[in-house]
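Structure record follows, encoded as structure tokens.
The values are calculated or read from the model by the stated rules, or taken from the named source; none is laboratory data. Every value quoted in this text rests on a predicted model; they were computed, and no experiment measured them. Neighbour counts are summed over all protein chains in view; Cβ atoms, including those assigned to glycine, are modelled from backbone coordinates with ideal geometry.
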Amino acid sequence: MVLMRGIVGATNPILRDGRVGASLISTPGGTPMRTPANGLKLGPRAQMAVRAVARLVNPLILLVAGRRWMPILGILHHTGRRSGRAYATPLGMRPLADAFVMPRTFGGGAAWYRNVQSAGTGAVTYMGRRQKVDRPEVVDFATAAPAFPRYERLQFRLLGINEYLLLHAAPSDMPAVAPDQNSLIRR
């Protein structure tokens, strides 16, 4: 049984002095560096509104995400860190060498991100193929940029998105064909 999970996350933590927390990311050489907080900053009401829209739109997005003719959207399959439930989250993603890269639009508070970080593994359905992924790694814009076309890179810069999740392809015995989209149970 797979439950659909929304694409909405939370903002970065607020420090005692009122500043928004910075995140630790890696440079192409793998050395950690500090960067300003990532992505969109939404208040509680805006977060609730985005979650409500996601509950309505995500079931429709799941119908087209991960298909051979949809190179912009993929599906991240992950397991809930507390519930143990299987989730399918539609996300913007692109392949990069032997990995997949996706922007962390809503920062490190997104449930899908925390689930993948906790499990250390998951699966991606992209361009009609399902691939097991592991070794989640947060990378900077310079590392992720080659995976995205120019118009998407510009959008990310305008929105202030400077953190990306890199999921490495893992050797697997998973079937190459994605599961039937009608088998997804939505809550």
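Name every residue in segment 69-107 that is among the hydroxyl-bearing types (Ser, Thr, Tyr) and either surrounded by fewer than 19 Cβ atoms within 10 Å (Cβ to Cβ) or out of contact with any strand residue (DSSP E or B) (no Cβ under 7 Å at 6 or more places or on another chain) (or both), in order of residue number.
If the condition is that a residue be among the hydroxyl-bearing types (Ser, Thr, Tyr) and either surrounded by fewer than 19 Cβ atoms within 10 Å (Cβ to Cβ) or out of contact with any strand residue (DSSP E or B) (no Cβ under 7 Å at 6 or more places or on another chain) (or both), then Thr79, Ser83, Thr105 are the ones that fit.
Give the residues of segment 83-114 that are in a loop (DSSP other than H, G, I, E, B) and either under 18 Å from Gln155 (Cα atoms) or of a type in the set (Val, Ile, Thr) (or both), sorted by residue number.
Of everything in segment 83-114, those that are in a loop (DSSP other than H, G, I, E, B) and either under 18 Å from Gln155 (Cα atoms) or of a type in the set (Val, Ile, Thr) (or both) turn out to be Met93, Arg104, Thr105, Phe106.
Please go through (1) assigned to a helix (DSSP H, G or I); (2) crowded, with 17+ Cβ neighbours inside 10 Å for Gly66 and return the number of the only condition it doesn't satisfy.
Among (1) assigned to a helix (DSSP H, G or I); (2) crowded, with 17+ Cβ neighbours inside 10 Å, Gly66 violates only (1).
Looking for whichever is in contact (Cβ under 8 Å) with a residue 40 or more places away in the chain, under 16 Å from Leu167 (Cα atoms) and more than 15 Å from the chain's Cα centre (by Cα) here; the options are Arg85, Arg130, Arg94, Arg104. Which one fits?
From the options Arg85, Arg130, Arg94, Arg104, the qualifying one is Arg130.
Are any residues in segment 69-82 assigned to a loop (DSSP other than H, G, I, E, B) and under 17 Å from Gly120 (Cβ atoms), and if so, which ones?
If the condition is that a residue be assigned to a loop (DSSP other than H, G, I, E, B) and under 17 Å from Gly120 (Cβ atoms), then Gly80, Arg81, Arg82 are the ones that fit.
Could you check, for segment 115-123, whether at least one of its residues is hydroxyl-bearing (Ser, Thr, Tyr), assigned to a strand (DSSP E or B) and farther than 30 Å from Met48 by Cβ?
Filtering segment 115-123 down to residues hydroxyl-bearing (Ser, Thr, Tyr) leaves 118, 121.
Still in the list and also assigned to a strand (DSSP E or B): 121.
In the following step, the residues that additionally are farther than 30 Å from Met48 by Cβ were identified as 121.
The answer is yes; a qualifying residue exists.
Working only within segment 140-187, note down all residues that are surrounded by 15 or more Cβ atoms within 10 Å (Cβ to Cβ), assigned to a helix (DSSP H, G or I) and modelled with pLDDT under 90.
Result: Gln181, single match.
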